[in-house]
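Note sheet for the following structure.
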Amino acid sequence: MTNTVSPSGEARIVLSARDLGKDFAGFTAVNNVNLDVRHAQIHALIGPNGAGKTTVFNLLTKFHQPTRGKITLLGNDITQMKPDRVARMGLVRSFQISAVFPHLTVLENVRVALQRPNNLATQFWLPLKALDRLNGRAEALIDDLGLTRYRDSRAADLSYGRKRVLEIATTLALEPEVLLLDEPMAGMGHEDVHMVAGIIRDVAQSRAVLMVEHNLSVVADICHQVTVLQRGEIIAQGDYATVSQDARVRTAYMGTEG
């Protein structure tokens, strides 16, 4: 296992971008982005609509190839790699729209997610009982994320917040080193926001989390580092207390000056 702390005593960098840029037909969507995401920390990517947050996510996960710059994951250059290979290396992303199977139970959803890391995803000739060996790990994940009472419930019958938690469980089944969450609190009520924020905090104890999030209360509460984008460029980085006092952030994102 690689060290979780650098020689300087800081948590090690597990995902980084240097001079990252992306052009679309002459339009620069992302320019000169430098980013370090550290093990066992929650790093927020924030900014107004159209700031380039989703494009940065797509570049890091290789859904888009960068026009320029370099991306490294666990010390490996992944700039030219395909998305599936990057995911197998430990960079796993959840999307804003829930991606669970609505007519399967919570347990069945997690078992499906566990098939790939257990080399069962392509072995279609095996009987269904072959998946029973995944039950122990599936139930441990379900328990870790507070879903035990919903184990045999269909995903379609869960609250919106619990569906998002189930989606996190299915991404954790892939044993990521870095988990990217795209607006995990979007559309949630206050109670669900509090629950999911606590789960993300717990999840980040053993892996890095990079999240796009508009709920600044959540960002202030659980995030160790914050990167603020405007028009595809970084205008501030640091902890929330630091970036929230930056005049450019107040003007660009919070709508106030000074």
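What's the number of the condition Val110 fails, among (1) at pLDDT 90 or above; (2) over 26 Å from Arg38 (Cα atoms); (3) over 22 Å from the mean Cα position of the chain (by Cα)?
So the condition that Val110 fails would be (3).
For segment 167-206, how many residues meet the condition of being assigned to a loop (DSSP other than H, G, I, E, B), on the phi < 0 side of the Ramachandran plot and in contact with a Pro (Cβ under 9 Å, 6 or more places away or on another chain)?
2
Consider segment 31-57. How many of its residues are at pLDDT below 95 and closer than 19 Å to Gly90 by Cβ?
1
Out of all the residues in segment 70-77, is one or more β-branched (Val, Ile, Thr), in the same structural domain as His214 (by TED's automatic domain parsing), at pLDDT 95 or above and out of contact with any Asp or Glu (no Cβ under 6 Å at 6 or more places or on another chain)?
Yes, the conditions are met somewhere in segment 70-77.
Can you name every residue in segment 226-258 that is at pLDDT below 90 and either aromatic (Phe, Trp, Tyr) or within 16 Å of Ala17 (Cβ to Cβ) (or both)?
Hit for segment 226-258 is Tyr253, nothing else.
I'd like the full set of residues that are among the hydroxyl-bearing types (Ser, Thr, Tyr) and within 30 Å of Phe27 (Cβ to Cβ), limited to segment 214-241.
Selection gives Thr227 alone.
For Leu181, all conditions in the list (1) assigned by TED's automatic domain parsing to the domain that holds Leu60; (2) touching a Gly at 6+ places or on another chain (Cβ under 9 Å) hold save one; what is the number of the exception?
The failed condition is (2).
From the list Val209, Val226, Val218, which residue is assigned to a strand (DSSP E or B), within 21 Å of Arg162 (Cβ to Cβ), in contact (Cβ under 8 Å) with a residue 24 or more places away in the chain and assigned by TED's automatic domain parsing to the domain that holds Leu45?
After ruling out the rest, the residue left standing is Val209.
The values are calculated or read from the model by the stated rules, or taken from the named source; none is laboratory data. Everything numeric here is computed off the predicted structure, so don't read it as measured data. Heads up, the Cβs are rebuilt from the backbone with ideal geometry, glycines too, and the neighbour counts pull from every protein chain shown.
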